[in-house]
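Chemist: Take this structure, written in structure tokens, and hold onto it; I'll ask about it next.
The values are calculated or read from the model by the stated rules, or taken from the named source; none is laboratory data. In this text, all values refer to a predicted model and were calculated from it rather than measured experimentally. Virtual Cβ from ideal backbone geometry, glycine too; neighbours counted across all protein chains shown. For accessibility, only protein heavy atoms count, side chains too; no ligands or nucleic acids. Shrake-Rupley method; radii C 1.70, N 1.55, O 1.52, S 1.80 Å.
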Amino acid sequence: MMPLSLIPRPATIRENGQAFQLTAAVRIVAETPGAAKAAALLSSYLSTPTGFACPVVTDAPRKGNIVLSESGLNEQDDAGFVREKYSLVVTADGVRLSGNNSESLLRGVQTLRQLFPAALFSPVRVDGVEWTATGVQIEDEPAYRWRGMMLDVSRHFFSKEETCRMIELFAQQKFNRVHIHLTDDQGWRIEIKKYPKLTTIGSIRERTVVGHHSTKPRQYDETPYGGFFTQEDIREIVAFATARGVELVPEIDMPGHMAAAICAYPELGNFPKNQVEVRDTWGISYNILRPTPETMNFMKDVLDEVMDLFPSKFIHIGGDEARKDEWEISHLAQKIMAQHSLKNEEELQAWFSKQMNDFIKSRGRRMIGWDEILEGGLPSGAAVMSWRNEESAQHAAQCGADVVAAYSSQVYFDYYQADSATEPLAICGDLPTEKVYRFSPVLKSMTDDEKAHVMGGQAQLWSEYISTLSYLEYMAFPRACALAEKLWTPLTACNYLDFLQRLKGQRARFGVQNVNQHPLP
Ligand code: TNX
């Protein structure tokens, strides 16, 4: 039998020397109503490669079958998370997967898949394989509640099919949040019914810079670039993610990173007479939204449609890299600051964010933003995604905010993972898998109280230099496997050398799925 190669490593695992044989006779028994979703997903996972029917039934003998049940422990904590605890027993007599709730079972399903030969991950039927799963007893639950991956579909667009493929690959590693960066200076990528020009105009840039944007003189490809999700696409992607226990967290980045929207609706800008273009190069833009009530209403309308589409508890409003140059010279912005007794432009951004926060709250959701939303005062109840440094995470936790650790130095997967001289072009950095494996969301310097505010961690796949699915996979894997383990597995059970051993099995699973994985480490 193959050595076990589970990633992320379960909290506790014991091999029992037995094996379970999957045959055409095996049924999937959803013993409780809450097990139906995981049973359906498991059935599709098993039937495709094996060609067996793997029917889902509600009543059948346990012996010889795969039995799923949940105990209905669905209580959500303050941040809306349930406890994803499950146990999995695989013997020659059958498989028993039980868990607190549907999410727990979905994590257990991913573990069970990895107990079979890698061919089980084949997208088409494979004949001549013995479909045996290694006999184990597993008790498992995650170290962190927020285990995220961020996709940037603005700088380069990834289609519905490509996005779903990435969600599936992340779900295999037990990620439960996929943050989707839908809008930026270089393209608006989500249909908003009330403001159609956001996509008819805002999704298209005239051309794209070629090579690294810091190389001067800049060269361009002189080819228009576009793409966006219709609302129907979004519904399908959300359904695909939900079936896998993944919550999609939408981001509409404001008040900076808004050139595409200002291009489509110039009245959103500070100087409507100066036509702003959808940006054709990378880096930080000077454009920022005009902070008037009309702009606020526009953004609330956008968020309204976004919240209708995404059931996510957290709604991301960006807030990063909002240059204040335009506000400094705009009479209107200065007048608004004076009217509201705002001392500086940071307070103006905070005032802006606060209105979005109130609006999001009024819809029963929670706002989350990049750590810049701490400047000028954090809106009450908002959560913070710390990207610039670790201090911002600690500061946020001290302010009583829930935090997602997304430190650029440790989990920016748009950074190089090996010698830049031999790698395809990337933005910058030095972030090999081993460094990702050293990532810790909580910091040694945090008090227990502060640590309790750290919901988890997330890696970012900013796509300035990532224009194809194949390169996206290359940047994501295997680094995402290292991250998945650091977010799921208790620290005491994490061991890098052991991880590398198990990665061999994971590489075989990726191979079967045709994933363009980086060869290192
Ligand atoms: C900073 S991280 C950004 C992004 C870029 C990224 C490139 C953050 C909140 N903002 O707009 O894509 O750097 O690494």
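Chemist: Out of VAL404, THR492, VAL512, whose Cα points farthest toward the positive end of the dipole of the range 393-521 (charges: +1 Lys, Arg; -1 Asp, Glu; placed on Cβ)?
Modeler: Looking along the dipole axis, the top candidate is VAL512.
Chemist: Given R₀ = 51 Å, what would the calculated FRET efficiency be for THR91 paired with LYS300, taking r from the Cβ atoms and rounding to 0.05?
Modeler: Working: r = 55 Å, r/R0 = 1.09.
Calculated transfer efficiency: 0.40.
Chemist: Just want the answer: with Cβ charges of +1 for Lys and Arg and -1 for Asp and Glu, which residue in ALA480, ALA53, GLY211 is farthest toward the dipole's positive end in the chain?
Modeler: The residue sitting most towards the positive pole is ALA53.
Chemist: Something else: How big is the accessible area of ARG235 in square angstrom, nearest 10, if you roll a 1.4 angstrom probe over the protein chains?
Modeler: Taking all protein chains as shown, ARG235 has close to 120 Å².
Chemist: Sticking with this structure for a sec: Past the 20 Å Cα-Cα mark, which pairs from LYS160/LYS504; LYS216/LYS435; LYS313/LYS361; LYS444/LYS486; LYS85/LYS504; LYS160/LYS361? Walk me through the numbers on the way to the answer.
Modeler: Values: LYS160/LYS504 30 Å; LYS216/LYS435 32 Å; LYS313/LYS361 10 Å; LYS444/LYS486 15 Å; LYS85/LYS504 27 Å; LYS160/LYS361 29 Å.
From the list (LYS160/LYS504; LYS216/LYS435; LYS313/LYS361; LYS444/LYS486; LYS85/LYS504; LYS160/LYS361), the Cα-Cα distance tops 20 Å for LYS160/LYS504; LYS216/LYS435; LYS85/LYS504; LYS160/LYS361.
Chemist: Right, something else. Could you pull out the GluC sites (Glu not before Pro) across the range 198-280 that fall in loop regions by DSSP (anything but H, G, I, E, B) with no more than 16 other Cβ atoms inside 10 Å?
Modeler: Details: sites: GLU206, GLU222, GLU232, GLU236, GLU247, GLU251, GLU267, GLU277; in loops: GLU206, GLU222, GLU277.
Within the range 198-280, the qualifying GluC sites (Glu not before Pro) (loop, at most 16 other Cβ atoms within 10 Å) are GLU206, GLU222, GLU277.
Chemist: Moving to a separate point now. In square angstrom, what is the accessible area per residue of the range 19-178 with a 1.4 angstrom probe?
Modeler: Values: 5440 Å² over 160 residues.
Ligands and nucleic acids excluded, the result is 34 Å² per residue.
Chemist: Here's something else I'd like to know. Taking a ≥ b ≥ c as the square roots of the Cα gyration tensor eigenvalues, with a/c under 1.5 meaning rounded and otherwise prolate when a/b beats b/c, else oblate, which class fits the range 205-308?
Modeler: Numbers: a/c = 2.36, a/b = 1.26, b/c = 1.87.
Note, shape of the range 205-308 comes out oblate.
Chemist: Here is a further query. Taking amide H positions as placed in the peptide plane 1.01 Å from N, state which residues far from VAL210 in sequence (5 or more) or on other chains have amide H under 5 Å from it.
Modeler: GLN219, TYR220, ASP221
Chemist: Take the Cα pairs of the chain, get the Kirkwood Rh, then feed it into Stokes-Einstein at 10 °C and 1.306 mPa s and tell me D in µm²/s.
Modeler: Details: Rh = 24.0 Å.
Rounded to a whole number, D works out at 66 µm²/s.
Chemist: Calculate the dipole size of the range 1-148 relative to its Cα centre from +1 charges on Lys and Arg beta carbons and -1 charges on Asp and Glu beta carbons; express the result in debye to the nearest 20. List each step's numbers first, then the result.
Modeler: On the way: 14 positive and 15 negative charges, 51 e Å.
Taking the Cα centre of the range 1-148 as origin, the dipole is about 240 debye.
Chemist: Carbon-plus-sulfur fraction of the accessible area of the range 1-138, 1.4 Å probe, in percent?
Modeler: Values: 3020 of 5760 Å².
The C+S portion of the solvent-accessible surface of the range 1-138 is 52 percent.
Chemist: What dipole magnitude, in Debye to the nearest 20, does the range 74-209 give about its Cα centre under +1 on Lys/Arg Cβ and -1 on Asp/Glu Cβ? Intermediate values should be presented prior to the final figure.
Modeler: Numbers: 19 positive and 19 negative charges, 116 e Å.
Dipole size: approximately 560 debye.
Chemist: Treating the beta-carbon of each Lys and Arg as +1 and of each Asp and Glu as -1, no other charges, what is the dipole magnitude of the range 132-177 about its Cα centre, to the nearest 20 debye?
Modeler: Working: 7 positive and 7 negative charges, 44 e Å.
I would put it at about 220 debye.
Chemist: Counting only residues 5 or more places away or on other chains, whose amide H sits under 5 Å from the amide H of MET150 once H atoms are built in the peptide plane?
Modeler: For MET150, whose amide H was placed from the backbone, the distant partners under 5 Å are HIS179, ALA459, GLN460, LEU461.
Chemist: Ok, one more. How far, in nm, would the chain grow between VAL129 and LEU332 when pulled straight, counting 0.36 nm per residue and subtracting the alpha carbon separation? Please report the intermediate quantities before stating the final value.
Modeler: Values: separation 203, 0.36 × 203 = 73.08 nm, distance 7.00 nm.
Stretched out fully, the VAL129 to LEU332 stretch lengthens by 66.1 nm.
Chemist: Okay, next question. What ranking do 195-201, 73-79 get when scored by the average of other Cβ atoms within 10 Å per residue, highest first? If you can, show how the numbers build up before the last one.
Modeler: Working: 195-201: 17.4, 73-79: 11.6.
Highest-to-lowest ranking by the protection proxy: 195-201, 73-79.
Chemist: What whole-number value in Å² describes the accessible area per residue of the range 264-331 for a 1.4 Å probe?
Modeler: Values: 2760 Å² over 68 residues.
On a per-residue basis, 41 Å².
Chemist: Kindly provide the helix-only [θ] at 222 nm of the chain, computed as the sum of -39,500 (n - 2.57) over DSSP H runs of four or more divided by all residues, to the nearest 500 deg cm²/dmol? Don't skip to the end; give the middle numbers.
Modeler: Values: 17 runs with 171 residues, N = 521.
Value at 222 nm, helices only: -9500 deg cm²/dmol.
Chemist: Something else: When a/c is below 1.5 the answer is rounded, else prolate if a/b is larger than b/c, else oblate, so apply that to the range 1-62 with a ≥ b ≥ c taken from the square roots of the Cα gyration tensor eigenvalues. All intermediate terms of the calculation are to be shown ahead of the outcome.
Modeler: Values: a/c = 1.78, a/b = 1.47, b/c = 1.21.
Prolate, since a/c reaches 1.5 and a/b exceeds b/c.
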